[in-house]
Amino acid sequence: MTDTELLSRFEYFGKKALEYRNKVIGLLPEVNRRKLYLQRGCTSVYEYAKKVAGLSEEQASRALHVFEKFTDKPTLKRLLEEGTVSVNKLSRVVSIATVENQEMLAEKVQIMSQSAIETFVRDIRQGASEAGIVRTHKPESNLLFTQEPHLDEDVREKLVKLERKGIDINQLLREALDRREKEITQAKDRVAVSLPEHSSRYIPTRVRSILKQEYGAKCAKNGCHKPSQNIHHMRRWALDGSHDPNFMAPLCREHHQIAHAIDVRVQEMRRN
């Protein structure tokens, strides 16, 4: 057996092992409900799961917990029962799952990685939390730099001196930021005009450069501080064939998956 054949067989059976493990976990809640483990001389479903399938008590407990939470959410419950999606993925959406959004979540957990699901859930929970925030504290100064962004000491001193002289530094900074935004917008328009009508999938250096100037090295999603790893086309390249920087943004791996998952849903809705 060659190295390639050995690796191929190992990976094939590895995938099968994961598939069957998911199916075993999916059957566990019903085995527990019927107390069938007693017929095999086991005193609990946890003992039975460990003896027959090598499942830890934590894994078995997670499966039973997720099943209970999905009792009124048949679409998600079916994914667990049939072993279509791992219990680890499904457990990530328990906190936000509702009868109304179960269809959407079922779609997401089937096409997104576990890390992307975790990011997706965190974004939803953070959005809901921020929507209910009421700020009651007053800053000690008009300069809101106690946490971020980080300012060099000489820059901070200059701003403080200007503020003490009665200069509205917020307006000063606002104007500087507006100028930066305008310059970037103009630069993006110039780059867009200079692009060929039809191009390869390779993103030109000048496009990457202007996007880095606008977004830096981090994910463009608000609140995400992960390094950007992919440049996302908001207008699908396969349909548009354009690298117009006005419709592109650098994203981390997880938010790139989320963006494509949303795009798949939008395309399906349009086809229907």
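The values are calculated or read from the model by the stated rules, or taken from the named source; none is laboratory data. Predicted model, so just to flag it, every value in this text is computed and none were measured. Quick reminder, even Gly has a Cβ in these numbers, built from the backbone with ideal geometry, and neighbours come from all protein chains shown.
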- Message: Which numbered condition in (1) in contact with a Lys or Arg (Cβ under 9 Å, 6 or more places away or on another chain); (2) exposed (fewer than 12 other Cβ atoms within 10 Å of the Cβ) is the only one that Glu197 fails?
- Response: (1)
- Message: Can you say whether Val52 is closer than 30 Å to Ile96 by Cα and either outside any helix (DSSP H, G or I) or not hydroxyl-bearing (Ser, Thr, Tyr) (or both), as far as the supplied structure shows?
- Response: no
- Task: Run Val266 past the list (1) in contact with a His (Cβ under 7 Å, 6 or more places away or on another chain); (2) at pLDDT below 90; (3) β-branched (Val, Ile, Thr) and report the number of the one that doesn't hold.
- Result: (1)
- Item | Filter result (of a type outside the set (Phe, Trp, Tyr) and buried (at least 16 other Cβ atoms within 10 Å of the Cβ)) within the range 209-229 | Ile210, Leu211, Glu214, Cys219, Ala220, Lys221, Cys224, Ser228
- Looking for whichever is surrounded by 12 or more Cβ atoms within 10 Å (Cβ to Cβ) and modelled with pLDDT of 70 or more here; the options are Glu157, Glu163. Which one fits? Glu163
- Message: If I filter the range 129-139 for residues that are among the hydroxyl-bearing types (Ser, Thr, Tyr), modelled with pLDDT under 85 and not assigned by TED's automatic domain parsing to the domain that holds Val93, do I get at least one hit?
- Response: yes
- Note on the structure: Checked the range 68-89 for anything surrounded by 14 or more Cβ atoms within 10 Å (Cβ to Cβ) and either more than 24 Å from the chain's Cα centre (by Cα) or not assigned by TED's automatic domain parsing to the domain that holds Val109 (or both); matches are Glu81
- Task: Inspect the range 39-59 for any residue being under 29 Å from the mean Cα position of the chain (by Cα) and closer than 18 Å to Val93 by Cβ and give the result as yes or no.
- Result: yes
- Item | Those residues of the range 214-246 which are of a type in the set (A, V, I, L, M), modelled with pLDDT under 90 and part of a loop (DSSP other than H, G, I, E, B), in sequence order | Met234
- Look through the range 21-47, keep the residues that are over 18 Å from Phe70 (Cα atoms) and among the aliphatic types (A, V, I, L, M), and return whichever of them is surrounded by the fewest Cβ atoms within 10 Å (Cβ to Cβ). Leu38
- Query: Does the range 44-58 include one or more residues that are within 30 Å of Met104 (Cβ to Cβ), out of contact with any strand residue (DSSP E or B) (no Cβ under 9 Å at 6 or more places or on another chain) and of a type outside the set (Phe, Trp, Tyr)?
  - Reply: yes
- Among the numbered criteria (1) under 24 Å from Ala17 (Cβ atoms); (2) without any contact (Cβ under 8 Å) to a residue 12 or more places away in the chain, which single criterion is violated by Asn101? (1)
- Residues of the range 76-126 being closer than 14 Å to Arg62 by Cβ, among the β-branched types (Val, Ile, Thr) and assigned to a loop (DSSP other than H, G, I, E, B), which ones? Val85, Val94
